[in-house]
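Encoded as structure tokens, the structure appears first; notes follow it.
The values are calculated or read from the model by the stated rules, or taken from the named source; none is laboratory data. As the structure is a prediction and not an experimental result, all values here were calculated from the model. When we count neighbours, we look across all protein chains shown, and the Cβ atoms used for this are built from the backbone with ideal geometry, even at glycine. Please note that ligands, DNA and RNA were not included when accessible areas were found on the heavy atoms of the full protein model with its side chains. Shrake-Rupley method; radii C 1.70, N 1.55, O 1.52, S 1.80 Å.
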Amino acid sequence: IATPQEFAFDVVDFRPYDVGGFSPSDPPESSDVKDYFFFEREVLAVGDGIVAASGGQWPNRFAENPMINPDDRIIDQTQELLDGGMEFAHAILGNYAIIDHQNGEFSVYAHMSENTVTVQPGEAVRQGQVIGKVGNTSNSDFPHLHFHLMDSEDFLTANGLPVRFSNLPDGQPPGWDFKDGNTLLYSDYIFLNIPA
């Protein structure tokens, strides 16, 4: 059984508002994707490698309003893109990149903004290099970055691999403090207070 997303997680930007509340946008619950804190923030490669696959033509016009439930729109939009000749991985992942780290690990970055993916298959990348910008494309209900590691470049047949963090600050209350394990398990989360 292939389980490519077994250790996957979403990177989001929630900020405090009101008393005890959090919002991914300003104003809260905005219907304009440009109001979301994380929209078009730079996405960096987690390690050196060779780009195995990428795509950047999933249209932002499909995702301008994050308040529209993606379940109500994603199937028709994906079918439209497939009918228009978009490759399956691109239609499913939104704008994306898959990097082969040359050690049996492949990293996946999905849902990036249209025309912001800066890398092409076969290109060498370095850790920390900008490879795109956060978006809201494909199966996404507000701007975020989907990330996971897997053991081959085919996201449909690969197996997921755990991600080990080496340079994140300790989790902030009320989030889980991952200091001892330095990794996330299913349904775990971390709140980090990272300056902009």
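Structural remarks
- Among the residues here, Leu81 qualifies as over 18 Å from Phe38 (Cα atoms) and either open to solvent by less than 50 Å² (accessible area, probe 1.4 Å) or part of a strand (DSSP E or B) (or both).
- Within segment 17-44, residues that are at positive phi reach partners that are in a loop (DSSP other than H, G, I, E, B) with beta carbons closer than 9 Å, at six or more positions or on different chains, in the pairs Asp18/Pro28; Glu29/Pro66; Glu29/Met67; Glu40/Ser113; Glu40/Thr116; Glu40/Pro143.
- Residue identified as of a type in the set (S, T, N, Q) and over 18 Å from the mean Cα position of the chain (by Cα) among Ser31, Ser54: Ser31
- In segment 38-53, residue least open to solvent (accessible area, probe 1.4 Å) [restricted to those that are farther than 23 Å from Ala124 by Cβ and modelled with pLDDT of 95 or more]: Phe39
- Selection count, segment 103-158, where residues are loosely packed, with under 15 Cβ neighbours inside 10 Å and at pLDDT 95 or above: 10
- Ile75 open to solvent by 40 Å² or more (accessible area, probe 1.4 Å), under 13 Å from Thr137 (Cα atoms) and free of Cβ contacts under 8 Å to residues at least 24 places away in the same chain: yes
- One residue stands out in segment 87-100 among those that are open to solvent by 30 Å² or more (accessible area, probe 1.4 Å) and farther than 16 Å from Asn136 by Cα: the one that is modelled with the highest pLDDT, namely Asp100.
- Residues of segment 15-36 that turn out to be aromatic (Phe, Trp, Tyr), within 19 Å of Glu64 (Cα to Cα) and surrounded by fewer than 17 Cβ atoms within 10 Å (Cβ to Cβ), as a count: 0
- Selected residue (criterion: modelled with the lowest pLDDT) from residues of segment 54-72 that are under 18 Å from His146 (Cβ atoms) and open to solvent by 20 Å² or more (accessible area, probe 1.4 Å): Asn69
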